[in-house]
1. Kindly indicate which of L482, L578 is surrounded by fewer than 16 Cβ atoms within 10 Å (Cβ to Cβ), of a type in the set (A, V, I, L, M, F, W, C) and modelled with pLDDT under 95.
2. Which residues, taken from region 87-113, are hydroxyl-bearing (S, T, Y), under 25 Å from A540 (Cα atoms) and loosely packed, with under 15 Cβ neighbours inside 10 Å?
3. If a residue must be open to solvent by less than 50 Å² (accessible area, probe 1.4 Å), out of contact with any strand residue (DSSP E or B) (no Cβ under 8 Å at 6 or more places or on another chain) and either over 30 Å from P97 (Cβ atoms) or of a type in the set (V, I, T) (or both), how many such residues does region 499-514 contain?
4. Please go through region 379-403 and give me each residue that is closer than 30 Å to S339 by Cβ and modelled with pLDDT of 90 or more, ordered by number.
5. Kindly provide the set of residues from region 329-366 that are on the phi > 0 side of the Ramachandran plot and modelled with pLDDT of 90 or more, ordered by number.
6. Out of G322, G352, G271, G299, which single residue is under 35 Å from the mean Cα position of the chain (by Cα) and farther than 30 Å from P446 by Cα?
7. Only one of these conditions is not met by V464: (1) in contact with a strand residue (DSSP E or B) (Cβ under 6 Å, 6 or more places away or on another chain); (2) surrounded by fewer than 17 Cβ atoms within 10 Å (Cβ to Cβ). Which number is it?
8. Can you pull out the residues in region 308-337 that are crowded, with 17+ Cβ neighbours inside 10 Å, of a type in the set (S, T, Y) and more than 23 Å from D425 (Cα to Cα)?
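The values are calculated or read from the model by the stated rules, or taken from the named source; none is laboratory data. In this text the structure is predicted, and so the values were computed from the model without any measurement. With ideal geometry, Cβ positions are generated from the backbone for all residues, glycine too; neighbour counts draw on all protein chains shown. Surface accessibility is based on the protein's heavy atoms, side chains included, excluding ligands, DNA and RNA. Shrake-Rupley method; radii C 1.70, N 1.55, O 1.52, S 1.80 Å.
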Amino acid sequence: MSNPRLSLPLSTLVLLVACNQVSPGGEEKAADTKAVAPADSKAPPAPAVAAPAPTGPASVDELLGLVHDGASSYVVFKAPDALLSLAETAASTFEQPLTTLVGATSPDQLSRLTESFALFKHGVADAKDALAKSGTDLARGIVVTSTSLSGDDTVITFSASSAEAAKGLLAALKIPDAATTECLATAGRPGYVTCAKDQPTLAAYKPGDGKAARTRLNTALPAVAIDDLALFGYVTDGNVHFGLDKPAGGATLHISAPPDAKEMVTTLAPGQADLLKFAPAGTGFLWMKLDLDELKKKGLNEVPPPFSATVGAFTGEVLFGGSADPAALQARFGFSDTSSLAPLADLAVAFGGSMIHNKPIPNVPGSKVSFKAENVSVGADKVKALHFGASGVPQAKALADQLGLSLDAWVFPAEGTLAAVVGADATKVGLVKAAASSEATIAALPPALAASLRAGEVGFVTHVPLDGLQSPALLKLLDGALASLPGYSSSTARSALNVLAPLSSTTMWISEHQNAGVIHFAVQTIGNTTDEEGKAALAAAASPDPAKAFTDLAAKYPSSPRIAAYQTRAGQGGAGALVGGSAPALLLAAGGMAAFFRPTTDAPPVVAEVPAEEKKAEEKKAEEKKVEEKKPEEKKPEEKKPEEKKTETPKTETPKTETPKTDETPKTETPKTGGLKIDSSKAEPRVPPKRVGRSE
């Protein structure tokens, strides 16, 4: 996604957005009288009466009506005050922890950081004063749009008492080139002024049809509350619509799925997230629901008996997540019927048990691997599980003490799923089970996601809690593991983590509604400034003793949807909370490493370039070696020796020595590759890389 090049500097928008709604004194001022022509040029002109400027927040349709007709890209700031609140809260929240961290690690940069925060505060104050004098009401929004397909001619439209006042505002805000910027009252839009770099750009500007643009936006972002967005827009590059809303204690970005992501969206089947009952509130997870019809097209229905019945019972739901109590990692695959899964443990042992069971782990003396079928209790049921374990490993005790994990892995059918649980021993594996419902988990998620999950519109979710970064268990783990490293400081580590203390989680999900896919990104903070609990949570995060502060907060709000986050920060979840929250991060890291180390199939082999003289010598030696090997077979006829010499003559060697010339021509590139070159003669046919979201 690329932004259009703005003729007015982007700092214009930053300063305009970074301002509160100002005095309403300018709201009732008439639009620029220059824009009103006399009704009758022959008769004496009657006093011009401009239409009264509307007051109050502008609607989405009104603002979209200010977008240039046929614009390639545009951005609408519907609620600059909400964005200001976000910026001011972020500045006040991060100033102290950042100052502490920089003071401890880079004291020479401390004055610069302090100056930057001071400039921001003074800039907001100065901008508010300038806006009040210009009669600008940012509740009426700001529209940035392009008048050409190239995106080079950009205009900005906002509320102002007159064109002169708008131009004066740009000068007061010390915007570069403000003196040469042209402003004009927006025709047919009382109370608005449009500014651009020159008159031709202003003359080309033509407001479009707001209702038609609203229809396109609704179609691209279905099930998104358009009227609640703080900003929204469109870019031609990628054919993407986007919007940002700011719920209390967070922010969510919505992006229409680009064409490249179409295949990824079609492989998902939005529906009820039944498996989320296996993901306790406060833990991290990756959940998806696959489209079985699409999977069958890709070969799922070609599985032979006796496995076809098992595959046929697969519901398409998949969950990778963590468990805090007990500490464990888990994977779940939904099945409508698990009866065919029962024999799998015995079958696996029959085929692989003799090769694995009771065998030592390579390079770990005294270790032993266990691979067998065992019965485990899950609630009131006993099920047959495939157990993979290890004993005699020196690091096992440290793993158990610090993270609560054991060297055990289990695969078993239970509660309508095929489960794989890692890190829980025989006494705890049965405790990794479903809750009565998933409501507590859903309630702790971003509001937009929670609403879409309840409506069955979501096909994919990745939720990563960050509260574990503030848990006493992590601090203890860092001190124990890193204390011996040169330069490690416990206080510096805490200062670094304190910078992230206001953040509680990050979430990404994909929804589909009316055959349109939307990708969402959300960040949640531990609290907010709109209610008492939210304010108390933010204060607890900044407390000198956050563990005690969150202990008190959890006791005061035991039924809060954020209770799991409070308990994690209070240390009540122990090491299990750290493990449970890190599950999706570990999965994504493992997937990233696998992709990084996967050999590429479309790159030709790289070979070392051998100097020409050495290459000729090596070729000569190779030919002599061939001749020597043939000698025992060719001893009888002495006359054949001249023929053997022919193989050594330069004539037959000439093509071989000349052939590399085509490879040696780009010798000027050699210094860039460190003496390496591409040998095209050994290159395999190029396989075009798959696009993002396409199955492999």
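1. Values: L578 fails: surrounded by fewer than 16 Cβ atoms within 10 Å (Cβ to Cβ).
From the options L482, L578, the qualifying one is L482.
2. Of region 87-113, the ones hydroxyl-bearing (S, T, Y) are 89, 92-93, 99-100, 105-106, 111.
Narrowing the set further to residues that are under 25 Å from A540 (Cα atoms) leaves 89, 92-93, 99-100, 105.
Scanning region 87-113 gives S92, T105.
3. Residues that pass the stated criteria total 1.
4. Our first condition is that a residue be closer than 30 Å to S339 by Cβ; within region 379-403, this holds for 379-389.
Listed by number, the residues that qualify are K382, V383, K384, A385, L386, H387, F388, G389.
5. Within region 329-366, the subset on the phi > 0 side of the Ramachandran plot is 358, 363, 366.
G366 - this is the single residue of region 329-366 that is on the phi > 0 side of the Ramachandran plot and modelled with pLDDT of 90 or more.
6. Working: G322 fails: farther than 30 Å from P446 by Cα; G352 fails: under 35 Å from the mean Cα position of the chain (by Cα); G271 fails: farther than 30 Å from P446 by Cα.
Answer to the check: G299.
7. (2)
8. T310, T315 - these are the residues of region 308-337 that are crowded, with 17+ Cβ neighbours inside 10 Å, of a type in the set (S, T, Y) and more than 23 Å from D425 (Cα to Cα).
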